[in-house]
Amino acid sequence: MEASPTVQVWKESLLAMRNSLQSSYEMERSVEERIRHSRPAVLYDARQVPCIDCQHNEGLKRIKQIIDLIDSAVKQLDQCDSAGASNIYLRTLEAVALISRHAKVAEKSFPELKP
């Protein structure tokens with residue numbers, strides 16, 4: 001089934017969001033790693049390093065959830081009419097926003113670990 005122009009725009013929008021979130025996450029992690037490695041080891045308490053790694057793992061888990069969610073939605077958009085596609089697009093945006101808010105709350109739980 002060929003997607004309508006509107007559905008095609010929604011697919012492109014979701015894919016752009018996916019790529020943007022993924023590259024933003026990767027850039028943020030790269031900057032955090034460079035800052036962390038450029039600071040003297042004395043600045044970090046030995047207990048913080050596992051927490052920082054744990055925080056990274058949680059962030060990676062969230063970004064993978066979002067990517068999987070968007071990929072699934074894009075596949076579903078190919079098999080829907082315009083009304084169903086609209087519903088899928090809206091639910092995907094809401095789910096991405098919810099996961100993103102959850103990740104922000106988790107980050108704010110450990111403000112002392114931010115560089």
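Quick look at the values:
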read-out: Qualifying residue in region 90-99 (condition: among the charged types (D, E, K, R), buried (at least 16 other Cβ atoms within 10 Å of the Cβ) and assigned to a helix (DSSP H, G or I)); value: no
read-out: Test: residue in region 14-25 that is under 19 Å from residue 4 (Cα atoms), surrounded by 16 or more Cβ atoms within 10 Å (Cβ to Cβ), in contact with a helix residue (DSSP H, G or I) (Cβ under 8 Å, 6 or more places away or on another chain) and modelled with pLDDT of 85 or more; value: yes
read-out: Flag if residue 52 is modelled with pLDDT under 75 and crowded, with 16+ Cβ neighbours inside 10 Å; value: yes
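Okay, residues lined up against (1) among the β-branched types (Val, Ile, Thr); (2) loosely packed, with under 15 Cβ neighbours inside 10 Å; (3) assigned to a helix (DSSP H, G or I); (4) at pLDDT below 95:
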| site | (1), (2), (3), (4) |
| --- | --- |
| 66 | yes, no, yes, yes |
| 70 | yes, no, yes, no |
| 74 | yes, no, yes, no |
| 83 | no, yes, yes, yes |
| 105 | yes, yes, yes, yes |
| 115 | no, yes, no, yes |
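The values are calculated or read from the model by the stated rules, or taken from the named source; none is laboratory data. For clarity, every value in this text was computed on a predicted model and none was experimentally measured. Here the Cβ is made from the backbone with ideal geometry for all residues, glycine too, and neighbour counts use every protein chain on show.
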